[in-house]
Every structure is written in structure tokens, then in C-alpha cells.
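The values are calculated or read from the model by the stated rules, or taken from the named source; none is laboratory data. Please read these numbers as outputs of a predicted model, since none were measured by experiment. All Cβ positions, even for glycine, are placed from backbone atoms using ideal geometry, and neighbour counts span all protein chains on display. Each accessible area value is taken on the protein alone, full model and side chains, heavy atoms only, with ligands, DNA and RNA left out. Shrake-Rupley method; radii C 1.70, N 1.55, O 1.52, S 1.80 Å.
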Amino acid sequence: MAEDFNVEGMLDIFLFESEQLLDNLQDIVLEMKDESRFDDDSINEIFRVMHTIKGSSGIMMYEDITTVSHKLEDVFYYLRDTYPDNVPHVKLVEYVLEVADYISGELEKIKEGGEPDGDSSKLVAEIDSFLTQIKTGIIDSGEDLPPENEHQEATQFYIPAAPGEASKYFRITLHFFNDTQMCNIRAYQAVYELKEYAEDLIFSPEDIISNEDSGEVILQEGFRILLMTKSDRAEIKSILEKCSGVELVDIKESTAQEMMLGFSDDVIMEQPSPIVIALDDEEAKKAKEKAEAVTPGDYVVVKQDVGKKKQIAKHTKGPSKAAFMSVSVEKMDQLMDLIGEMVIAEAAVLENPDLKVPGLELSNFQKAAGQLAKITSDLQDVTMSMRMVSLQATFQKMNRIVFDVSRKLDKDIELEVIGENTEVDKNIIEHISDPLMHLIRNSVDHGIEDKEGRKAAGKPKKGKITLEAKNEGGKVYIIVRDDGAGLDKEKIYSKARQKGLIDSRSINEYSAKEIYQFITYPGFSTNETVTEYSGRGVGMDVVVKNIQNINGTLEIDSVPGQGSEMTLKIPLTLAIINGIVMEAGTGLFVIETSLVKEFVRVNEDMLVHEPNGEKYIMIRGECYPFMNLAKRYNMMSTESETIEDGVVIVMDYDGKNICVLVDKLVAQQEIVVKPIPNYIKRVRGLSGCTQLGDGSVALILDLPGLMLGEEKVK
Amino acid sequence: MAEGQILFSEDNLEEGQKGKYMTFKTGNEYFGIAINYVCEIIGIQPITAVPEVESYIKGLINLRGKIIPVIDMRARFNIEPLEYTDRTCIIVIDVKGTTVGLIIEKIAEVVTIDDEDIIPPPSLTHRNTSNNKYVYGIGKIGDQVKMLLDPEKLIKDEDMSIMGSLADDDADANEE
């Protein structure tokens with residue numbers, strides 16, 4: 001067994017666990033922020049979160065985090081036990097959020113390999129004085145101060161250690177909080193701490209380091225230690241209580257025989273009372289009473305015999321354990337790749353030329369093949385769905401932003417969230433968080449009027465922002481709607497003119513939507529004064545750029561006086577698209593099906609040649625720009641094909657149409673998007689590549705890039 | 001202890017590969033690549049052309065689910081192209097994490113060339129210096145000669161420098 005208490009591997013788990021707890025904490029707080037006070041459940045939950053963070057940061061030796069979380073824990077401990085009714089709720093909410101921010105900030109630093117060096121003293125002092133403030137209020141009303149920390153209370157019934165010169169023997173049982181994670185590691189920490197004092201030490205379960213499941217057992221039954229030491233009980237107790245996640249420390253005097261027997265002998269274990277009686281009658285009685293009053297998590301579990309122990313561990317899967325596990329994205333990608341390969345391998349088997357021998361009896365083979373095909377496609381679906389994440393967490397973050405910004409700006413705003421369970425591919429979630437945050441901030445800052453403004457407009461005092469997500473036609477719509485003043489067309493127009501962002505067409509020549517789009521131009525910001533939250537004129541163009549990076553679009557609509565609406569349209573997933581495979585010259589291309597409006601066969605007469613070399617095509621009286629894909633990329637095949645042999649694909653992107661001539665349509669299918677190897681430099685108009693069912697490689701066309709390229713070529 | 005052993009065996013591996021070269025034929029010459037760069041050798045596969053790239057990058061192939069670019073060595077060495085036959089092979093090499101396929105006419109054998117048998121390329125003819133950059137040495141085996149390639153330089157995008165030296169070459173040619 002390693003002698004050093006190694007924290008390396010635990011860091012990831014610590015970070016992950018703490019982040020989840022903080023998210024959880026934030027959710028609770030934001031849920032309760034509009035109430036007059038925290039209810040019992042939320043107080044307990046916040047207390048628990050802080051306690052766990054305190055404990056695990058203690059293990060990792062991040063002292064500042066420990067201190068801060070300890071302080072907040074104190075506050076909630078006090079709240080839990082005394083139910084004071086003089087707590088300034090909003091203030092408390094702010095403190096909790098501040099603590100959460102502080103800790104996440106520190107975690108972020110740790111994650112990036114730095115040291116958590118944020119100064120916690122100010123925050124601690126503030127919370128301290130806050131706590132005193134509430135407490136004083138209570139002293140005035142004549143109530144007793146509650147104990148500072150729960151551990152003192154929980155361990156009150158133990159006998160004080162009898163002083164002795166020779167070695168003493170203790171039987172110790174540690175109970176952890178029900179939802180503690182990594183119990184085995186925590187138990188090991190306890191053992192490690194004890195080693196310094198111990199002359200001899202046995203513990204059970206023994207395989208705490210090598211066996212992760214032992215954590216489960218410890219959680220159920222407690223962690224048992226037999227200790228031979230010269231230290232006294234109080235000392236041992238104080239050491240153990242410092243360990244994180246420990247709910248209850250149970251220390252009993254023991255004997256040398258027992259120590260020798262270890263944990264194998266259950267007879268003694270089942271009858272601890274006589275031995276204790278020999279030492280101290282009073283205590284034995286207490287212990288017995290305690291043993292009879294069977295409470296879950298207490299040391300009664302110790303009495304289980306070895307055979308039963310395992311059963312318990314198996315049967316009682318606590319409902320509090322979340323049925324989730326985190327998997328590295330890399331592994332998910334690997335799985336995706338493997339499944340892609342399997343689909344191809346499957347096709348290679350099922351379409352094998354060897355099967356094409358005439359007169360072959362294949363009915364059994366076909367049956368089995370059908371089964372295989374079904375499983376493969378199910379497998380593909382499941383893997384796909386594993387990458388899907390609900391928008392809930394992202395939306396919850398927005399809640400926080402509305403809360404913060406509206407308070408700072410002294411606006412009263414409510415955020416309504418609809419459809420937060422809509423699922424989106426993991427990669428996409430990462431990309432929409434920032435743009436969404438910007439949009440929400442904009443709505444709070446610029447959209448919703450201040451209190452006087454709302455009064456003057458005859459609107460309800462409370463502003464409302466709606467955040468809605470829905471699934472429609474293979475895309476996810478995320479809509480940010482506010483009931484504020486709406487966008488001012490004239491102001492936007494004149495601003496855009498003033499900044500030289502648009503040409504000199506008059507305002508009437510633009511549609512309303514076009515004018516609204518001006519605010520997404522770089523360098524545009526209509527807010528005269530720069531505020532802390534928005535208004536530096538870098539906002540909207542960055543938003544749009546980010547959204548375009550994931551093939552999304554932003555639509556802006558507004559009704560003056562009634563509010564505005566920003567609609568993000570993003571694809572469900574980046575990893576898989578439904579595409580149309582086509583041949584053009586010597587190349588093989590794929591275009592996303594949703595971009596295709598129609599396929600048309602055309603003839604030379606429909607082409608319009610402009611003297612400057614540009615070509616247009618007339619289809620049913622409409623004139624579209626025309627591009628020969630093979631020619632565009634210089635990939636003409638040797639045999640010259642006429643336009644009559646090819647197919648024209650009419651594609652639509654962002655309201656603009658373009659007609660692309662290809663030689664042949666091959667198939668429509670789901671394709672797995674892969675990046676083009678870095679070695680090949682970026683080609684305009686290509687966004688990735690994919691392998692097709694027959695193993696060949698096709699290039700994925702990126703329509704915006706293609707159109708842009710076309711413009712550049714001109 | 002354990003680590004020491006692993007290190008030792010790695011040394012062994014390196015030791016075993018040292019001085020070994022995969023040789024192949026392109027044009028009229030035989031070339032060699034240090035064997036530790038070579039991942040595998042596969043037969044010629046359908047290649048998907050990629051537009052707007054250097055002429056020697058023939059496109060992409062699908063190597064068991066992994067899509068990798070392939071370079072035609074004839075084109076890389078500015079030799080006029082040949083039809084691919086069933087003798088045409090692709091040597092898949094891995095250079096610092098970049099996986100690239102090299103299309104070659106014919107695979108030869110794995111040879112061992114001692115360091116003392118490797119001489120730097122003679123630089124009498126300054127005209128060919130641009131092409132010689134990725135040939136870092138000439139290995140002698142008996143009376144045979146293999147040109148040893150530096151894969152890093154081979155796959156590097158040297159457009160600018162090549163263009164520059166080509167211009168020089170042209171100038172030289174004109175003078176002659």
C-alpha cells in the first residue's frame with residue numbers, strides 16, 4: 001500500500017463533484033430567490049452541499065475554499081436549527097451566490113493548473129458579521145444560541161477516554177453522509193491520518209483502495225477500524241472528525257483479544273456490551289439503548305454477519321445516487337467511429353459479391369442479416385442519443401444572469417423558461433452558452449425599460465423575458481423574447497449610416513428584418529452609454545459569429561413598444577447530418593438535405609450568360625445565381641458533360657438561393673461528420689468529410705462558405 | 001522498478017528499429033524511410049480528390065474509419081504521373097501525430113543501413129537543392145544506393161520556399 005496520501009487522481013473527481021454540487025446549489029438558490037425565506041429542504045440541501053465541499057476541499061488542502069464553505073455551512077446550520085425569522089432573505093441569497101462564485105472561480109483556477117489564490121477573507125468576514133447579525137437578533141428575543149457545529153452534538157454520548165499508560169485498544173466505526181461519494185478514498189484518508197498515532201491498525205473492508213465498490217459498502221455499513229494506540233480517545237476523535245464526509249464517529253474501547261481476532265469473529269461483534277460493561281456500566285447502558293433504537297446509518301449495521309453484509313450492499317441502492325456517469329468525450333467519439341465502421345463492415349458482409357452466386361439458398365442468411373441490420377441501426381441511434389444533452393443546465397445559468405443584471409440595474413424582471421428539456425448535441429451546447437448569455441443580457445439591459453419607463457408605457461411593473469426552446473424540422477429553435485420597448489428602426493438605421501456600415505439606400509428600401517440585422521454588424525451598438533453588462537459594441541456580431549460556427553442562424557424581430565424576439569436556429573447535432581451525396585467531376589460531395597430546396601433538370605437555354613462571365617439560370621421565371629461545382633473546384637472529369645446530363649440543385653441559405661450543377665445524385669443518407677485532416681489546409685466551401693457506406697470518402701459542402709467564395713471569386 | 005523495465009524494453013525496441021529503413025521505388029530511384037515512422041502499408045484505394053490543394057496531395061482515403069490525406073510521391077518529386085497499378089502501394093506514416101499516406105510505385109524491402117554507410121547528399125549541383133531538402137542522406141548497401149527521406153520535411157507545406165527556389169532555378173536556366 002502506498003504510504004503517501006496521493007491526491008493526484010482524486011483531483012478530477014473533486015473538481016467534477018464540486019462543480020455538480022455548485023450547480024445544484026445555484027439551482028436551489030435561484031428557485032427560492034423569490035420566496036420570503038428558504039424552506040427546510042433547501043436549507044438542508046445547501047447545508048449538505050457546503051458540508052461536502054468543505055470536506056473534499058479539506059482533503060485536497062484548498063484552505064480558502066474550506067474556510068468559505070465552512071462559514072456558509074455555519075450560517076445554514078444555524079438556520080436549520082433555530083428557524084430565525086429575521087433573516088434578510090435577499091441578502092442571504094446574494095451571499096450564497098457569492099460563495100458559489102468564489103468557489104467556482106477557484107475551481108476554474110485549479111482546473112487550469114494554477115493555485116487557488118483568491119482572497120476569501122473579505123467574504124468570510126462579511127458572512128461572519130451577517131451571521132452575528134442574525135444571531136444577535138435572536139439573543140435579543142431571549143433564545144439560546146445553538147451549538148456551533150453539529151459534530152459536537154452528534155458525539156456527545158461517548159465516554160471520555162480512561163487514561164492509561166499502556167497501549168489502548170479502540171474499535172472505531174465511521175459513518176459517512178448518505179450521499180457521500182468516494183467513501184473508500186475518504187476512509188483511506190482517515191486510515192492515513194490515524195497511522196501516525198497507531199501502533200497497530202486493522203480496518204474493514206480491507207480493499208478500500210483497490211476496490212471502488214468498497215465505497216458503497218462503507219456507505220451502507222460504516223467503516224470499521226481496530227486501533228492499538230497510545231493516544232487517548234479525544235485525540236483520535238478529533239483526528240477522525242476532521243475527515244471529510246464523516247457524519248458520525250463511533251469510538252469504543254476494545255481489548256487486545258479483539259484486536260487479534262480482527263473482524264473475522266462476529267460473536268464478539270454481536271455482543272459488544274459485556275466488554276463495555278466491564279469498563280463502564282453507565283456507558284454500556286447508553287450503548288445498549290442506542291443499539292435498540294435502530295436508526296439507519298447508526299452502528300447497528302455493524303452487527304450484520306458477513307454473509308448478510310454483501311446482500312445489503314447489493315439490495316439497497318440508495319435512490320439518492322444519480323443514475324448517471326460521466327464518460328470522456330474522446331471515448332464517445334471513438335464509439336461513434338467504431339459504429340460507423342461497423343455499419344460499413346455490415347454492408348460489406350451483406351452485399352458481399354460471394355453471395356451473388358445464382359441459385360444460392362439464402363433465406364436463413366437473410367433472416368440473420370435482417371436481425372443484424374436492426375441491431376446495428378439501434379446501436380447507432382442509442383449512441384447518437386448518448387451525445388444529446390438537455391438544455392436545462394444552460395438555461396439555468398441564464399436564470400442567474402437575469403437575477404444578477406436586473407438587480408444591478410434595479411429592474412424587476414422575471415424569466416420564464418419553456419422547453420428546457422429539449423435535447424441538443426453536447427458539442428452544440430458548449431457553443432450556444434455564450435451567445436445566449438449575451439442575448440439575455442441585452443434583453444435585460446436594453447430590452448426591458450427601467451421602472452419609470454414601464455410605468456409610462458402602462459406596462460406591468462415586472463418585466464418579463466421568455467426563454468424558449470423547441471424542436472422543429474431537425475433544428476432546435478431557441479427564442480429569447482422580452483416585453484420591453486422593442487427595437488427602434490429609425491435609430492438603428494441612422495446609427496448604421498452614421499457608422500458607415502451600410503450604403504446610402506433610404507430607410508424605406510430596407511425591410512424591417514433587414515434593419516434589425518444591422519445590429520449584428522461589427523461595431524454597432526445603439527446604447528449611448530457603455531454599461532458593465534453590454535454596450536461595448538462587440539456583442540451582437542460575436543453572437544452571430546459564434547452561432548454561424550455551429551451552422552446556426554439568428555433572426556431578429558420586434559414590435560415597437562411591445563418587445564423584441566431573437567430566434568436562434570441551430571442544428572440538433574453536428575456529428576451527424578442528413579445529407580445528399582452527389583458526384584461532380586472527379587469529386588464526391590455531400591450537402592445537408594435541409595438546405596436543398598429542389599432538384600431541377602435544366603438545359604442550355606435556361607442559362608443566362610452575363611458579359612462579365614457570371615451565369616444565371618431561369619427556373620419558372622425566377623432568376624438564380626448558377627455555379628458549376630466541378631468547374632468551381634477545377635475538378636472537371638475528362639469526358640465533357642453537358643449541362644443537360646447533370647442535375648441542378650437549388651439550395652437555400654439564409655433566404656438566398658443558389659443553383660449548383662452536379663453530375664449525378666448518388667444517395668440520401670445519414671452521414672457522420674468528420675473533420676478534414678489538419679494536414680490539408682482549409683478549403684473554402686468545405687466544412688468536413690465523411691465516409692460513405694461503401695467506404696469511400698466524400699467532402700461536405702459548406703454552403704455559406706461556398707457562396708462567400710463565389711462572391712470573392714467575382 | 002516497473003518503470004525502469006519499461007524504459008529498458010523501449011530502448012530495446014528503439015535499438016531494434018535503429019538503422020532499419022523501409023525502401024520503395026518511385027521513378028527510377030529507391031528511397032528509404034526510417035522504419036519507426038511507418039505505421040503500415042496498404043494497397044492502393046479509391047481516393048477522393050480534394051479541391052484547391054497542392055497538386056501532390058491526391059486527396060483523402062478511408063483507413064478503417066480514419067480519414068487520412070495521401071501524397072503522390074511522383075508528384076512530390078515532380079516526376080510525370082503514372083497510372084496506378086496493383087503494385088502501387090500506400091505507405092502510411094505517422095509524423096508527430098500527423099498521419100499521411102505516401103503513394104509509391106513499388107514497395108521494396110526493409111534494409112539495415114549502418115550510420116557509417118550514410119553520407120550527406122553531395123551538393124555539387126546547386127540546382128537541385130530545393131528537391132534535395134527532404135533527402136537528408138544517401139545510404140549505401142553494397143553497390144546500391146538508397147536516398148533517405150526526412151518525413152517531416154517531406155510532408156511539410158513548403159510552398160513558399162519551393163516557389164522561391166523554383167524561381168531561382170528558372171533564372172539559372174535562363175542564364176544557361
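For this structure, a couple of remarks:
- Region A:391-571 - percent of accessible surface contributed by carbon and sulfur, probe 1.4 Å: 45 percent
- In sequence order, calculated HN-Hα J values of region B:70-75 (Karplus, 6.51, -1.76, 1.60; Hz; x Gly/Pro): 10, 10, 8, 5, 4, 5
- Whole-number D in µm²/s for region A:576-708 (Stokes-Einstein; Kirkwood sum over Cα pairs; 20 °C, 1.002 mPa s): 140 µm²/s
- The residues of region A:2-140 expose, per residue, 46 Å² of accessible area to a 1.4 Å probe.
- Trypsin sites (Lys or Arg not before Pro) restricted to region A:33-77 and DSSP loop, no more than 16 other C-beta within 10 Å: A:R37
- Positive end of the dipole of region A:2-140 (Cβ unit charges, origin at the Cα centre): among A:G114, A:P88, A:Y62, the Cα lying farthest that way belongs to A:P88.
- Solvent-accessible area of A:E112 with every protein chain in place, 1.4 Å probe, in Å² to the nearest 10: 140 Å²
- Peptide A:694-706 has a mean shielding of 3, counted as Cβ atoms of other protein chains within 10 Å of each residue's Cβ.
- Measuring only protein heavy atoms, the 1.4 Å probe finds A:H70 accessible over about 50 Å².
- Taking chymotrypsin sites (Phe, Trp or Tyr not before Pro) across region A:317-405, the ones in a DSSP loop with at most 12 further Cβ atoms lying within 10 angstrom of their Cβ are A:F324.
- Of the GluC sites (Glu not before Pro) found in region A:1-105, those in coil by DSSP whose Cβ has at most 14 other Cβ atoms within 10 Å are A:E3, A:E8, A:E35.
- Here the Karplus relation 6.51 cos²θ - 1.76 cosθ + 1.60, evaluated at θ = phi - 60°, turns the backbone of region A:31-43 into coupling constants of 5, 8, 5, 8, 6, 8, 7, 6, 8, 4, 4, 5, 4 Hz, with x for every Gly and Pro.
- Inter-chain neighbour count for B:52-65: the average number of beta-carbon atoms from partner chains within 10 Å of each residue's beta-carbon is 6.
- Per-atom-type breakdown for region A:329-388 gives carbon and sulfur 63% of the accessible area (1.4 Å probe, protein chains only).
- Equivalent-ellipsoid semi-axes of region A:2-140, from the Cα gyration tensor, Å, largest first: 28, 15, 13
- Entry comment: accessible area of region A:576-708 is 47 Å² per residue, from protein heavy atoms only and a probe of 1.4 Å.
- Solvent-accessible heavy-atom area per residue, rounded to whole Å², over region A:391-571 at 1.4 Å: 48 Å²
- Built amide H within the under 5 Å cut-off of A:G463, gap 5+: A:D412, A:I413, A:E414
- Backbone HN-Hα couplings from phi across region A:556-566 [Karplus 6.51/-1.76/1.60, Hz, Gly and Pro as x]: 10, 9, 7, 10, x, x, 10, x, 10, 9, 10
- Here is the interface size for B with A: some 1800 Å² of accessible area buried, both sides summed, with a 1.4 Å probe.
- Sequence of A:F599, A:F76 when ordered by accessible area, the most exposed leading, probe 1.4 angstrom: A:F599, A:F76
- Peptide A:670-679 shows a mean partner chain C-beta count of 4 within 10 Å per residue C-beta.
- Cut-off 12 Å between beta-carbons: net charge of the residues surrounding A:E423, Lys and Arg +1, Asp and Glu -1: +1
- Placed amide H near A:V476: partners under 5 Å, 5+ positions off or other chain: A:I570, A:L572
- Close amide H pairs (under 5 Å, H built 1.01 Å from N) link B:I141 with B:K146, residues at least 5 positions away or on another chain.
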